Amino acid sequence: MRLLIKVLVSALIVALASEAGKRSTTLASILAALPLTSILILTWYNIDNGDTAATAKLSTDIAFAVLPTIVFLFCFPVFIRHGFTFKNSLLGALAIMTFIYIPYVWVLKNLNIAF
């Protein structure tokens with residue numbers, strides 16, 4: 001039952017953000033920039049385990065994971081502007097982001113940053 005509540009609340013928040021974005025691209029960009037997924041995950045994680053230290057660690061790990069994701073956000077519109085389809089732009093940006101993650105995780109590991 002708890003999983004169903006998580007799914008419904010999370011889906012409702014994402015759907016409302018998506019619908020609000022249809023009314024304004026500015027609103028859509030602000031909502032997209034909000035860490036909605038991170039907020040939901042941190043909330044559900046903390047409710048499930050009640051360990052605020054573990055939730056704080058998860059938040060730090062998410063922060064480190066965001067950096068390579070920014071590459072995706074810059075690459076995607078470049079593909080679109082160069083005539084790629086939406087689907088191929090998504091795939092291309094995802095591929096580049098994936099290739100960025102591999103050395104990024106290696107560098108963090110060698111700097112003894114637990115991630």
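Structure summary
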{"quantity": "Residue that is modelled with the lowest pLDDT, among those in segment 1-40 that are under 18 Å from the mean Cα position of the chain (by Cα) and polar (S, T, N, Q)", "calculated": "Ser29"}
{"quantity": "Filter result (among the small types (Gly, Ala, Ser) and touching a Phe, Trp or Tyr at 6+ places or on another chain (Cβ under 7 Å)) within segment 57-115", "calculated": "Ser89, Gly92, Ala93"}
{"quantity": "Enumeration of residues in segment 11-31 that are surrounded by fewer than 13 Cβ atoms within 10 Å (Cβ to Cβ) and either within 18 Å of Leu73 (Cβ to Cβ) or touching a strand residue (DSSP E or B) at 6+ places or on another chain (Cβ under 8 Å) (or both)", "calculated": "Ser18, Thr25, Thr26, Ser29"}
{"quantity": "Residue pairs meeting the criteria (Cβ under 8 Å; at least 6 apart or on separate chains; first closer than 17 Å to Ser59 by Cα, in segment 102-115; second modelled with pLDDT of 90 or more and in a loop (DSSP other than H, G, I, E, B))", "calculated": "none"}
{"quantity": "Cβ-Cβ under 6 Å pairs, at least 6 apart or on other chains, segment 8-21 side free of Cβ contacts under 8 Å to residues at least 40 places away in the same chain and more than 15 Å from Trp44 (Cα to Cα), far side surrounded by 14 or more Cβ atoms within 10 Å (Cβ to Cβ) and not β-branched (Val, Ile, Thr)", "calculated": "Ala17/Leu31; Gly21/Ala28; Gly21/Leu31"}
{"quantity": "Members of segment 38-65 that are assigned to a helix (DSSP H, G or I), free of Cβ contacts under 8 Å to residues at least 12 places away in the same chain and of a type outside the set (D, E, K, R)", "calculated": "Ile39, Thr43, Asn46, Ile47, Asn49, Thr52, Ala53, Ala54, Ala56, Thr60, Ala63"}
{"quantity": "Evaluation of Thr43 against (1) under 30 Å from Trp106 (Cβ atoms); (2) at pLDDT 90 or above (one fails), failing number", "calculated": "(1)"}
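The values are calculated or read from the model by the stated rules, or taken from the named source; none is laboratory data. Small disclaimer: the values here were computed from a predicted structure and weren't measured. Don't worry about glycine lacking a Cβ; one is built from the backbone with ideal geometry, like all the others, and counts go over all protein chains shown.
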